Amino acid sequence: MKLTLAISPCPNDTFIFDAMLHHKIDTEELSFECILEDVETLNKMAMEGKQDITKVSYGVVPRLLTYYRVLDAGGALGKGVGPLFISKKYSSLENTDLSDLTVVLPGIHTTAHLLFTLAFPEIKRKAFIPFHEIEEAVLSGKADAGVIIHENRFTYAARGLHKLADLGDLWETKTGLPIPLGGILAKRSFDLQLLKKINRVINRSLAYAFEHQETLPPFVTAHAQEMEEAVIRQHIDLYVNDFSLSLGTPGRTAVWKLLEASALLHPGPAGSDFEVFVD
């Protein structure tokens, strides 16, 4: 059975899914057509229910529950992994008129935008651009500040940018829970046995990656936007962890908390109206 699988080209995703895409493990007679897009494009495609399996921002999941259920494996969730609010113009938030700031963010449907809105509801002047363009927009003065994700958290300080706030720290302090960034969804229309099989294969793919991580696969390095290997490994170490193997109870609790926060900002079908997770 062939299924479409939409993920981002970021090292955490390519690391997790490499083995199942390239026949390094038992996929239980499943094969996959891989689609690589940035996370905001994935969010938008998921809103139309286009792909069988897809990576999305957890913040947009409440809008997707008519089409999808959340898988237990393959996601990005943890502590100390949150988006960073950065600026060149300002070195701190003290004595800063937040209502006057222009901020660039990686996408209106991203978890980064949700966490930013929860933390700074008074900031209304926002623009949304691809995540890898945010540093440059802030450095050039096109925006007063920005919210960075992924590998940019390893490079911003060296480029003369200042951290105004760690949105992950704000979430963790308020909730005591890890930060749900991105999850893997599969079609709600699939029967439960197929959903469980997909979950097993993803878990097996990541387990294989962990066992062979001394050498990064070409699939990871080829799509890593010319990052040095040390940065690629930092990226993987930060975003791929035990929660990526299985959300478990703490992970599901964190995801549910974020879904509740998102639903308050974007009213829609209640999560309680659907089976959200695949047991």
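The values are calculated or read from the model by the stated rules, or taken from the named source; none is laboratory data. Everything numeric in this text was worked out from a predicted model, so none of it was measured. Because the Cβ atoms are built from the backbone with ideal geometry, glycine has one as well, and the counts that use them run over all protein chains shown.
Can you find a residue in the range 27-40 that is over 16 Å from Leu185 (Cα atoms), touching a strand residue (DSSP E or B) at 6+ places or on another chain (Cβ under 9 Å) and touching a residue at least 12 places away in the same chain (Cβ under 8 Å)? Checked against the condition, which is being over 16 Å from Leu185 (Cα atoms), touching a strand residue (DSSP E or B) at 6+ places or on another chain (Cβ under 9 Å) and touching a residue at least 12 places away in the same chain (Cβ under 8 Å), the range 27-40 yields at least one hit.
Applying the set (1) surrounded by 23 or more Cβ atoms within 10 Å (Cβ to Cβ); (2) in contact with a Lys or Arg (Cβ under 8 Å, 6 or more places away or on another chain); (3) among the hydrophobic types (A, V, I, L, M, F, W, C); (4) not assigned by TED's automatic domain parsing to the domain that holds Gly248 to Leu101 leaves exactly one unmet item: (1).
Here Thr173 fulfils each of the conditions (1) surrounded by fewer than 16 Cβ atoms within 10 Å (Cβ to Cβ); (2) assigned to a strand (DSSP E or B) apart from (2). Evaluate the following for Asp191: is it acidic (Asp, Glu) and either on the phi > 0 side of the Ramachandran plot or not assigned by TED's automatic domain parsing to the domain that holds Ala127 (or both)? Yes.
Take the residues in the range 261-279 that are among the acidic types (Asp, Glu) and modelled with pLDDT of 70 or more, then tell me which one is surrounded by the most Cβ atoms within 10 Å (Cβ to Cβ). If we take residues in the range 261-279 being among the acidic types (Asp, Glu) and modelled with pLDDT of 70 or more, then Glu275 is surrounded by the most Cβ atoms within 10 Å (Cβ to Cβ). Quick one: in the range 99-148, which of the residues that are out of contact with any strand residue (DSSP E or B) (no Cβ under 8 Å at 6 or more places or on another chain) and in a loop (DSSP other than H, G, I, E, B) is modelled with the lowest pLDDT? Going through the qualifying residues, I end up with Pro130. Scanning the range 77-90 for residues that are at pLDDT 90 or above, assigned to a loop (DSSP other than H, G, I, E, B) and surrounded by fewer than 23 Cβ atoms within 10 Å (Cβ to Cβ) turns up Lys88, Lys89, Tyr90. Listed by first and then second residue, the pairs linking a residue in the range 64-76 that is at pLDDT 95 or above to a residue that is among the aromatic types (Phe, Trp, Tyr), with Cβ atoms under 6 Å apart and 6 or more places separating them unless they lie on different chains, are Val70/Phe277. Would you check if Gly74 is crowded, with 24+ Cβ neighbours inside 10 Å and part of a loop (DSSP other than H, G, I, E, B)? In short, yes.
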